Structure formats: structure tokens, C-alpha cells
Amino acid sequence: MSEIGVEFLKRDQPIGALKEAAYRLIGTASCQIQSTEDRYVCLLSPTEVRKSSAVDIKARFLDLVTDENLREKIEEQTRPTRNLILALAFGALADQAEAAET
């Protein structure tokens, strides 16, 4: 089976999600990400371990990219709350350490 090409416009797709999806595809296919002026070209090469069809590999990769985009969006939206929780937790630990020293 030959390489499977999947293209994304740079303005629509962050590279981070492509890299994460490529990593999660290991075992099914290897992925080489090439960058042109306005797009990313992902070349998927099926591994010998698993013989999946080109359609299945492309669909799996697109699903993983979609999943990574959603993860990035959720991370961005929850960052303020997560930072507040961490600040409160570490603030409480700092107070405990201070109290123990005195």
C-alpha cells in the first residue's frame, strides 16, 4: 500500500493537533508532516504490523485530529479555572509549610 496524503490549511489547523494525532496513530501508520507556505501535508504510511485500508487509516487520522482539536479547545476554555484550583491548592500547602516552620 502506498502513502496516503491528507492536507490541511495552516490558517485552519494548528500543527500541535497534527503532531499529537500522528503520535496516536503509531502502530497503524507512520506520519510525516510536511509544511508548505499555506498548508500542512501529512503523508501516512501504513505499517506492516497492521494491514488497514487506506480509507480506514485516513478516517482514523482525521478522527484523531478532530479529537486533538477538541482537547486543545477544552484546555484553553478551562485554563482559568484550572489555574485557580492550582493556586488555591499550592497556596494552602505554602500556608501549611509556613505554619510548620513556626
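Summary table below
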| read-out | value |
| --- | --- |
| Number of positions in the range 60-86 that are hydrophobic (A, V, I, L, M, F, W, C) and closer than 30 Å to GLY27 by Cα | 6 |
| Subset of the range 15-46 (residues that are surrounded by 15 or more Cβ atoms within 10 Å (Cβ to Cβ) and assigned to a loop (DSSP other than H, G, I, E, B)) | LEU25, THR28 |
| Pair list, Cβ under 6 Å, 6 or more apart: the range 75-88 residue within 26 Å of ALA17 (Cα to Cα), other residue among the hydrophobic types (A, V, I, L, M, F, W, C) | none |
| Exclusive hit being more than 17 Å from the chain's Cα centre (by Cα) and part of a helix (DSSP H, G or I), set GLU72, GLU98, GLU68 | GLU98 |
| Qualifying positions in the range 47-58 - modelled with pLDDT of 90 or more, surrounded by 13 or more Cβ atoms within 10 Å (Cβ to Cβ) and among the β-branched types (Val, Ile, Thr) | ILE57 |
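The values are calculated or read from the model by the stated rules, or taken from the named source; none is laboratory data. Because the structure is a prediction, the values reported are computed rather than measured. Don't worry about glycine lacking a Cβ; one is built from the backbone with ideal geometry, like all the others, and counts go over all protein chains shown.
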